[in-house]
1. In Å, what Kirkwood hydrodynamic radius results for the stretch 200-335 from the alpha-carbon pair distances?
2. What distance in nm lies between label points placed 7 Å from Cα along the C-beta direction at GLU566 and TYR147?
3. Output the peptides 594-600, 613-619 sorted from most to least packed, where packing is the average of other Cβ atoms within 10 Å over each peptide's residues.
4. Give me the 1.4 Å probe accessible area per residue for the chain, excluding ligands and nucleic acids, in Å².
5. Between ALA531 and LYS190, 0.36 nm times their residue separation minus their Cα-Cα distance comes to what?
6. Using the charge dipole of the chain (Lys, Arg: +1 at Cβ; Asp, Glu: -1 at Cβ; taken about the Cα centre), state which of TYR541, THR202, THR621 has its Cα farthest towards the positive end.
7. Over its Cα atoms, what ratio of radius of gyration to 2.2 N^0.38 Å does the stretch 545-624 give?
8. Summing -39500 (n - 2.57) over the DSSP H runs of n ≥ 4 in the chain and dividing by its residue number, what mean residue ellipticity at 222 nm do you reach, to the nearest 500 deg cm²/dmol?
Amino acid sequence: MSPVYKTQGSFFCRYIYPDYLCHMRGTILDTPVEYLKGVGPVRAKLLKEELNVIYFADLLQVFPIRYIDRTIFHHISDINSDLAIIQVKARVVQLQSAGSGRSMRLSAMVSDDTGTLELIWFQGIRWAKAKLQQGKEYIIFGKPGYYNGRYSIAHPELEEVAGEAGSSVQRMQPVYSSSEKMKANGFDSKGMARIIHSLIQTVYYEIQETLPILLLQKFRLIDRRDAFLGIHFPQNEMHLRQSTRRLKFEELFFIQIEFIRQKLHRQAASRGHHFSIVGRSFNRFYNEVLPFPLTGAQKRVIREIRADMAGGHQMNRLLQGDVGSGKTIVALFCMLIAIDNGFQACLLAPTEILANQHFQTLKKWADAIGVTIALLTGSIKQAVRSPMLRDLASGGLQILVGTHAILEDPVVFSQLGLVVIDEQHRFGVEQRAAMWQKSVPPPHILVMTATPIPRTMAMAFYGDLDYSVIDELPPGRKQVATRHFTDSARIRVFSFMRQEIAKGRQVYVVFPLIHESESLDLKDIQDGFEAISRDFPLPEYAVSIVHGQLKPDEKEYEMKRFVKGETQIMVATTVIEVGVDVPNASVMVIENAERFGLSQLHQLRGRVGRGADQSYCILMTKDKISVEARQRIETMVRTTDGFAIAEADLQIRGPGDLKGTRQSGAIELHIADLTTDGRIVEAARQSALEVLTIDPELSLPGHRALHDRLVELTSVQRNLSRIS
Ligand code: ADP
Ligand code: MG
């Protein structure tokens, strides 16, 4: 049975359109919940405050968090620590409160025929006291803990066993989450079930179908009315499954319809440079200079981007490719297309070091085909800068590589056709908007990121953008060998580092940011630095240190020493995470690896394995780590595939945190769960595409209900369709 999340506000209502506009329908579902039998003004206020429920329609969407199967119970004697959640039927044999004020607690001993269990409350004691009666039998649900030699449950869910109605008991009874305040006002789970039951009786025949009949048939979805009934009061497991699936599909389908419509609209509305020519510099580079054959994925992505830039509308594309998948050369090919069409291109990097590295790489290639290229960063001297800017404004300069410095006002292009942004997460929305201003019509924009997102997440979060993926690494890459060590093996790790350094290699040692306070973090890394400096003393070894508290030029200086090979060990915080390329570095030691998230670990590991030699990633942790941390570490040891890691990440921690990767217009899902509903996402996406291909305006008779529902969801015109 899949869990149902109780979150308020759908994608449409919460993030795009003001709430009140979602209820301009004029059906009984728009009635304020106050008028529902058993609610009234006082409790309506409570529902609004606690659940953001205002209208009947909102209440209909307060889904159960789970269902009690009232036919299956554990025996108290069978309880053991492996059971995450238990349900027992037991009688209260003793009630006792202790302490007073804030430290007050209530304890109830309950027993069935097999044993005794303690229930404990630290909060909501009044409610529990009122509810519990010595001698009565209850259904008790919760997570057992083991203290003082016996099992107990803190804050269990509780329900009186109905007297003689026992036989007619509903097998799958809904459980609604409710706050202490709601419980105190009669809206515990049962109270909620009561009003929702009365709601469904009132509105059942008002619940209209929204999906085209063909879709219902194709995916064997039950009708909407039945689905709302079944999610609240399922007849059986099958009914619940069908209801859940139907409502998930609907939710995802409308989101995809809206995404695709926004995208089509943007493509129709936004004029863009028309790059129809693939010409001299592109071909020359491809035929004469390209040092290796492109991977299939690189070729495909270049084709996708080329077609997009030749389409006449402005491109807004996200390019994903794992660390080392070869995005830079793809960027170059795209820039050459701009150049072949008489335009300029620029490449923006988040740090000066990265900009520098890109410039060095690209300059070799550009020179070989006679394309002009320059570097613009904060530290480029005026004497160089002035003529460069003149060249740029006159069109003599074809490619500009740089940092934020490019965004500044005096930087004027003659004909800017394409902007490539590397490592997008370091660039904010405003900075991208600044690039838009540099050309009319706005330049094509290609955002490159190495943070892999699973396919379904990408569909769900970037469904309105164009999206390309390099899902293949160049051949012959040596996998970074990854090992997990605990602190007790530190001596071995140090001696391994010495061996590698003796071979002329370099080593990173990375510390996490752990503390609230930066000075404490700083102390961690300072201590680490001192310890390492002691074990790797001068003059044999030199150690660099880089962290967020250093001034930018100090940071640059330390980085450069390492890049040039003047130091053998780089002690750093995660500031080195993005893009730095030191092919000679072969070992990445990550301290307190249990503190890092998977995608961060993956990014850090990507700093090594860039040269020809075997590289290593060493994950150091304490001896004891949490189950989740262990899963992360095991995932890292098992695979180096960024997409597999992103999938694992999604499984381990759920999609919640990943939402942050989307910079605007995050979606909050009501019922669908991206960790488990990938197939429904795909089906919804595909169906939405099919429907809009046949009927872009949704004007066919068979799409009437769909159209009306969409209007209802999107009563306001809004343009969310740009990346920036
Ligand atoms: P990232 O996608 O992480 O930015 P890069 O563009 O820096 O990756 O590429 C990593 C390395 O792989 C570079 O040294 C690059 O020259 C090399 N490379 C890129 N494409 C190929 C390919 N098709 N075959 C072999 N090596 C490649
Ligand atoms: Mg890169």
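1. 19.4 Å is the Kirkwood radius here.
2. Output for this residue pair reads 5.9 nm.
3. 613-619, 594-600
4. Per residue, the chain has an accessible area of 45 Å².
5. 116.8 nm
6. THR202
7. This ratio for the stretch 545-624 stands at 1.10.
8. So the calculated ellipticity at 222 nm is -11500 deg cm²/dmol.
The values are calculated or read from the model by the stated rules, or taken from the named source; none is laboratory data. The structure displayed is predicted, hence computed values, not measured ones. Neighbour counts run over all protein chains shown; Cβ positions are idealised from the backbone, glycine included. Quick note on the areas: whole protein, heavy atoms, side chains included, nothing else; ligands and nucleic acids left out. Shrake-Rupley method; radii C 1.70, N 1.55, O 1.52, S 1.80 Å.
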